[in-house]
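Working notes, beginning with the structure itself.
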Amino acid sequence: MKLCTTVQEMRQERAKLGTVGFVPTMGFLHEGHLSLVRRAREENEAVVVSLFVNPIQFGSPDDLANYPRAVERDIALLQKEGVACVFTPDAAEFYPDGFATQVDVGGVAQELEGPSRPGHFAGVATVLTKFFNIVQPQRAYFGQKDAQQCAVVQRFVQDLNIPVEITTLPTWREANGLAGSSRNSRLTEEERSRAPVLHQALCRARDLARGGERRRMVLEEAIRDVLVKAGLTEIDYVTVVNPETFQTEETVGETALALLAVKLGAVRLIDNMPLF
Ligand code: AMP
């Protein structure tokens, strides 16, 4: 397995590989990330994984500083998965003095996480555009865990004619339902024991929807109710949207997606679930 830290090294390595499946990550890998790597291996001659805590997608310097990191451990995990190349770019090379371009996505990027985290999706779209240009993968793999991010990526890849096929894979969850996230490592033991309630709240809405409930407000209220009863009151948003547009509709359709963002102590967690 090759380790590349500069853009030049990465370009040279890429030229030696056949079809490439690319898995962009911010590291501190868990089973969710590895599920993407395994699919990428099945479908491509070589897999490239990036480990990069992208500074321009963070709104708060504290959030960036506190983001968990374990590069050596991540590299060992990826070696076991048969990855061809790990790219750990240097932020100073990626964003040198004078860097002045950003990929600003409209539409789906303007909802939910958009206003909650100003600049976040522009940071994501910009770094991914750089990665796609450097790694030139045939396919790139993303997790449904970040459903809105997946929609944003699909949008700008299509809009900018970037020749990469985007695949979205299901959310990996712990046995208790908690969605795998690098940020889970920042929860205290007590918070971690309460965190599965996010999934339980989404399941409640799914059960209601499958039982025939179509009123968005009722479904959202049911989610909030489960959260609040469990003492999770720092709710950023709870919503049920059309997953094509990320807009709400008063009566939900057959493709409805429930999403939430909740703060548990110092950690902001997101999760989502298709209702049907
Ligand atoms: P991150 O390192 O959090 O930026 O995530 C890198 C990629 O892994 C993104 O495409 C995420 O959506 C995906 N991912 C994160 N958590 C999970 C999970 N629990 N299940 C599946 N994919 C995930």
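The values are calculated or read from the model by the stated rules, or taken from the named source; none is laboratory data. Source: prediction; values computed, not measured. Neighbour counts run over all protein chains shown; Cβ positions are idealised from the backbone, glycine included.
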Query raised in the report: Is at least one residue of the stretch 45-52 more than 14 Å from the ligand (Cβ to nearest atom) and out of contact with any Pro (no Cβ under 6 Å at 6 or more places or on another chain)?
Result: yes
Report summary line: T239 passes all but one of the listed conditions (1) more than 16 Å from the ligand (Cβ to nearest atom); (2) in a helix (DSSP H, G or I); (3) among the polar types (S, T, N, Q); the exception is number (2)
Report summary line: Only unsatisfied item for F99, checking (1) over 25 Å from L275 (Cα atoms); (2) in contact with a strand residue (DSSP E or B) (Cβ under 8 Å, 6 or more places away or on another chain), is (2)
**Report entry** Candidates G231, G253, filtered to the one that is assigned to a loop (DSSP other than H, G, I, E, B) and either more than 19 Å from A147 (Cβ to Cβ) or touching a strand residue (DSSP E or B) at 6+ places or on another chain (Cβ under 6 Å) (or both)
**Finding:** G231
Query raised in the report: Hey, T171 hits all of (1) more than 10 Å from the ligand (Cβ to nearest atom); (2) assigned to a loop (DSSP other than H, G, I, E, B); (3) under 21 Å from K263 (Cα atoms) but one; which does it fall short on?
Result: (1)
Report summary line: Of (1) in contact with a Ser or Thr (Cβ under 9 Å, 6 or more places away or on another chain); (2) buried (at least 20 other Cβ atoms within 10 Å of the Cβ), G107 fails just (2)
**Report entry** Top-ranked residue in the stretch 161-202 [being among the β-branched types (V, I, T) and closer than 25 Å to E221 by Cα; ranked as surrounded by the most Cβ atoms within 10 Å (Cβ to Cβ)]
**Finding:** V197
Requested in this report: Can you give me the number of residues within the stretch 120-150 that are within 12 Å of the ligand (Cβ to nearest atom), closer than 28 Å to P61 by Cα and in contact with a helix residue (DSSP H, G or I) (Cβ under 8 Å, 6 or more places away or on another chain)?
Outcome: 13
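Could you list, in sequence order, the residues of the stretch 214-234 that are aliphatic (A, V, I, L, M), within 20 Å of R192 (Cα to Cα) and in contact (Cβ under 8 Å) with a residue 12 or more places away in the chain?
At the first step, the residues of the stretch 214-234 found to be aliphatic (A, V, I, L, M) are 217-219, 222-223, 226-228, 230, 232.
This time we only want the ones that are within 20 Å of R192 (Cα to Cα), so: 223, 226-228, 230, 232.
Passing the criteria: I223, V226, L227, A230, L232.
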Query raised in the report: Just one of the numbered conditions (1) part of a loop (DSSP other than H, G, I, E, B); (2) under 30 Å from T245 (Cβ atoms) is not true of R39; which one?
Result: (1)
Query raised in the report: Pick from V49, V53, V23, V86: which is crowded, with 20+ Cβ neighbours inside 10 Å and free of Cβ contacts under 8 Å to residues at least 60 places away in the same chain?
Result: V49
Query raised in the report: On the given criteria, is Q8 away from the ligand (no atom under 11 Å from the Cβ), in contact (Cβ under 8 Å) with a residue 24 or more places away in the chain and surrounded by fewer than 14 Cβ atoms within 10 Å (Cβ to Cβ)?
Result: no
Query raised in the report: Among D104, D74, which is the only one that is outside any helix (DSSP H, G or I) and modelled with pLDDT of 95 or more?
Result: D104
Query raised in the report: If you go through the stretch 11-36, how many residues are in a loop (DSSP other than H, G, I, E, B) and either within 13 Å of the chain's Cα centre (by Cα) or near the ligand (Cβ under 9 Å from one of its atoms) (or both)?
Result: 5
Query raised in the report: Would the stretch 184-199 turn up any residue that is over 26 Å from F58 (Cβ atoms) and within 16 Å of the ligand (Cβ to nearest atom)?
Result: yes
Query raised in the report: Which pairs have Cβ atoms under 8 Å, sit 6 or more apart or on different chains, and link a residue in the stretch 136-149 that is within 15 Å of T25 (Cβ to Cβ) to one that is more than 9 Å from the ligand (Cβ to nearest atom) and among the aromatic types (F, W, Y)?
Result: P137/F22; A140/F22; A140/F132; Y141/F22; Q149/F121
